[in-house]
Amino acid sequence: MDLKQYIDLAYIVSSILFIFGIKMLGNAATARKGNLLSAVGMLVAMVVTLFYKEVVDYQMILAGVAIGAVIGWVWAVRVQMTGMPELVALFNGFGGLASVLVGWAEFEFGKSTDPVTQIAIYLAILIGGVTFTGSFVAYLKLAGKMSGRPTLFPAQKAVNAVLFLALLVLGVIYVMQGPAWALYAIIVLSLALGVLGVLPIGGGDMPVIIAFLNSFSGLAGAAAGFVILNKVLIVAGCLVGTSGIILTIIMCKAMNRTFGNVLFGGFGAAGAAAGKAVEGEMKGISVEDAFYALEAAQNVVFVPGYGMAVAQAQHAVKELGALLEKNGAEVRFAIHPVAGRMPGHMNVLLAEADVPYEQLCEMDAVNPTIGQVDVAIVIGANDVVNPAAGDDPSSPIYGMPIINVHEARTVFALKRGKGSGFSGLENALFFRENCRMIYGDAKETITGLVAQFKG
Amino acid sequence: MDTLILLLFVFVLAAFLGFELIQKVPSQLHTPLMSGSNAISGITVVGAIIACGVAEGEFGKWLGFASIILATINVVGGYVVTDRMLGMFKKKGR
């Protein structure tokens, strides 16, 4: 056997480590070990690649790895848990851009001109480019550097369609004849498509789009694998691609929407909201009165949403939960699959605040017992508790599974102001007889309740 | 052409494997799963190393160099951040 075959054998080892890694990530008991295994797999793949006889310039490689490792490590260690969605988006975008550059570099070397390699270069650049700018726009939206509302402009769909067609035509030209101008045009237009594709997607749909872009970055890697005929790239990229698609589907189901609707719906654009007008009025309640109700409650459910992340209220919430439990109440946290801005966002925040794992409940576990709940506290969640999803067929979110807090005996809704939620909908919950609004910053409100319990 | 068929074969099998691997993931683990698999997508770094490691000092080499930096950020950042998250989950397991 020559050296190349040993390298391939090592790639098999590394692929096995990735497969076990992903599998173990799906189980709470083994997840951390799984992540470590896949990191080892990555290390193996990187190290054995150095043994290719074409690879001779170690200095530059090590310099690049060192720079990247330091930057990545510092960011990862410094980030607050509330900043997690945007950091994941940013990392994802870098992976996409790396694939673009690999495809481009192979074009510059011009070793191969056969159509298959050309197609692979085209796909690596197209998918990687869309992943990069798409993730970057998602990052800007998540980090609040850009409005989370969908950005719509006239003929948006037509522009995107033209862009997409142009990319197809350029792809054909490039694969057939391979001119450099076509490649550069493909790079530019792919980057543009990523921006324009994510602009019309609103903040509440971010869990879907992040999962999707994650999948795309894997596919870009797999395409790069076809460019350089490298099996470990293909296996690892494809695993990420498909597991990302599964996550995307899970998120879509949790919102009862199709993926096409998420991509092109412009959901939540100002003025786009329909649905029945809600009758009645919202009734406020003071922190003191809310405290008396909570003191008597035997069964309390918290329903956190993006508002809790914005207010950074998770630690205060945890403290209140502990006090309620000490007071004899059963305390649970009901977490909707798409609450927040990233799949599983609320779980991460509450885990950071040290909320006991057993208290975190999925929607389907809470709903059947919601009738026995004395007080449901909705913290900065909106659409995921809107009963219109169940009883108003004209509502845009009709059919979306929700946490049925309106069936609890009492609901306290913590909210900054009287405005509507991300989808632009009035929340019918807030007008229900059993619902009381506590206006103000969620963290201050919860801290106020904690102070009442202690005083 | 033979190589291509083989690679396509690998790709298709990996796709089915990917679908099977994570059918039932508890929603608590969605974020770590995503950021952990995001780190794996940094596997492009292998392609970047090959592109950057070539002897000739041409433009493509520099593209490879930039690509190594970006992909390594993705890899290292992704794994570290996932480990941090899972570390928080673990505390509750006691």
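Test A:G178 against the stated conditions and say whether it is farther than 26 Å from A:M206 by Cβ and at pLDDT below 90.
Considered against the rule, which asks whether it is farther than 26 Å from A:M206 by Cβ and at pLDDT below 90, A:G178 comes out as yes.
Go through B:V25, B:V12, B:V76 for me and flag whichever is at the interface with chain A (Cβ under 7 Å from one of its Cβ atoms) and part of a helix (DSSP H, G or I).
Values: B:V25 fails: part of a helix (DSSP H, G or I); B:V12 fails: at the interface with chain A (Cβ under 7 Å from one of its Cβ atoms).
Only one candidate passes the filter, namely B:V76.
So, A:A413, is that one surrounded by 23 or more Cβ atoms within 10 Å (Cβ to Cβ), out of contact with any strand residue (DSSP E or B) (no Cβ under 9 Å at 6 or more places or on another chain) and within 30 Å of A:I201 (Cα to Cα) or not?
Judged against the criteria, A:A413 is not a match.
Residue-by-condition table, conditions (1) in contact (Cβ under 8 Å) with a residue 60 or more places away in the chain; (2) assigned to a helix (DSSP H, G or I); (3) of a type in the set (S, T, Y):
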site	(1), (2), (3)
A:F107	yes, yes, no
A:P150	yes, no, no
A:V175	yes, yes, no
A:S215	no, yes, yes
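Residues in segment A:235-259 that are within 19 Å of B:G42 (Cβ to Cβ) and either surrounded by fewer than 24 Cβ atoms within 10 Å (Cβ to Cβ) or in contact (Cβ under 8 Å) with a residue 24 or more places away in the chain (or both): how many?
Step one: filter segment A:235-259 for residues within 19 Å of B:G42 (Cβ to Cβ), giving A:235-245, A:247.
Still in the running and either surrounded by fewer than 24 Cβ atoms within 10 Å (Cβ to Cβ) or in contact (Cβ under 8 Å) with a residue 24 or more places away in the chain (or both): A:235-236, A:239-245, A:247.
The total comes to 10.
Please go through segment A:51-67 and give me each residue that is within 23 Å of A:Q5 (Cβ to Cβ), aliphatic (A, V, I, L, M) and surrounded by 15 or more Cβ atoms within 10 Å (Cβ to Cβ), ordered by number.
Passing the criteria: A:V55, A:I61.
Look at segment A:148-164 and say how many of its residues are modelled with pLDDT of 90 or more, closer than 21 Å to A:A220 by Cβ and of a type outside the set (F, W, Y).
Total satisfying the criteria: 1.
Determine which single condition A:Y11 fails, assuming it passes every other condition in (1) within 24 Å of A:I127 (Cβ to Cβ); (2) free of Cβ contacts under 8 Å to residues at least 24 places away in the same chain; (3) surrounded by fewer than 24 Cβ atoms within 10 Å (Cβ to Cβ).
(2) is the only condition that A:Y11 fails.
Quick one: in segment B:8-63, which of the residues that are of a type in the set (D, E, K, R) and within 22 Å of A:E54 (Cα to Cα) is nearest to the chain's Cα centre (by Cα)?
Ranking the qualifying residues of segment B:8-63, first place goes to B:K61.
A:Y139 versus (1) in a helix (DSSP H, G or I); (2) buried (at least 19 other Cβ atoms within 10 Å of the Cβ); (3) in contact with a Phe, Trp or Tyr (Cβ under 8 Å, 6 or more places away or on another chain); (4) not basic (K, R): which is the lone unmet condition?
Going through the list (1) in a helix (DSSP H, G or I); (2) buried (at least 19 other Cβ atoms within 10 Å of the Cβ); (3) in contact with a Phe, Trp or Tyr (Cβ under 8 Å, 6 or more places away or on another chain); (4) not basic (K, R), A:Y139 breaks only (3).
Which one of B:L6, B:L33, B:L70 is more than 7 Å from chain A (Cβ to nearest Cβ) and either part of a helix (DSSP H, G or I) or among the hydroxyl-bearing types (S, T, Y) (or both)? Talk me through it step by step, then tell me what you get.
On the way: B:L33 fails: more than 7 Å from chain A (Cβ to nearest Cβ); B:L70 fails: more than 7 Å from chain A (Cβ to nearest Cβ).
Sole residue among the options that is more than 7 Å from chain A (Cβ to nearest Cβ) and either part of a helix (DSSP H, G or I) or among the hydroxyl-bearing types (S, T, Y) (or both): B:L6.
One residue is enough: does segment A:369-383 have a residue meeting the conditions crowded, with 21+ Cβ neighbours inside 10 Å and at the interface with another protein chain (Cβ under 8 Å from one of its Cβ atoms)?
Among the residues of segment A:369-383, not one is crowded, with 21+ Cβ neighbours inside 10 Å and at the interface with another protein chain (Cβ under 8 Å from one of its Cβ atoms), which makes the answer no.
When you check A:M400 against the structure, is it surrounded by 20 or more Cβ atoms within 10 Å (Cβ to Cβ), of a type in the set (A, V, I, L, M, F, W, C), facing another protein chain (nearest Cβ under 10 Å) and touching a residue at least 24 places away in the same chain (Cβ under 8 Å), yes or no?
No.
Please determine whether any residue of segment A:99-111 is β-branched (V, I, T) and surrounded by fewer than 17 Cβ atoms within 10 Å (Cβ to Cβ).
Checked segment A:99-111: no residue is β-branched (V, I, T) and surrounded by fewer than 17 Cβ atoms within 10 Å (Cβ to Cβ).
Filter segment A:68-89 down to the residues that are surrounded by fewer than 17 Cβ atoms within 10 Å (Cβ to Cβ) and at the interface with chain B (Cβ under 7 Å from one of its Cβ atoms) and list them by number.
A:V77
Among (1) part of a helix (DSSP H, G or I); (2) more than 8 Å from chain B (Cβ to nearest Cβ), where does A:N92 come up short?
(2)
What is the one condition in (1) within 7 Å of another protein chain (Cβ to nearest Cβ); (2) under 20 Å from B:V45 (Cβ atoms); (3) without any contact (Cβ under 8 Å) to a residue 60 or more places away in the chain; (4) part of a helix (DSSP H, G or I) that A:Y52 does not satisfy?
A:Y52 satisfies every listed condition except (4).
The values are calculated or read from the model by the stated rules, or taken from the named source; none is laboratory data. Here the structure is a predicted model, which is why all the values come from computation and not from measurement. Cβ sites come from the backbone with ideal geometry, for glycine too, and all protein chains shown count toward neighbours.
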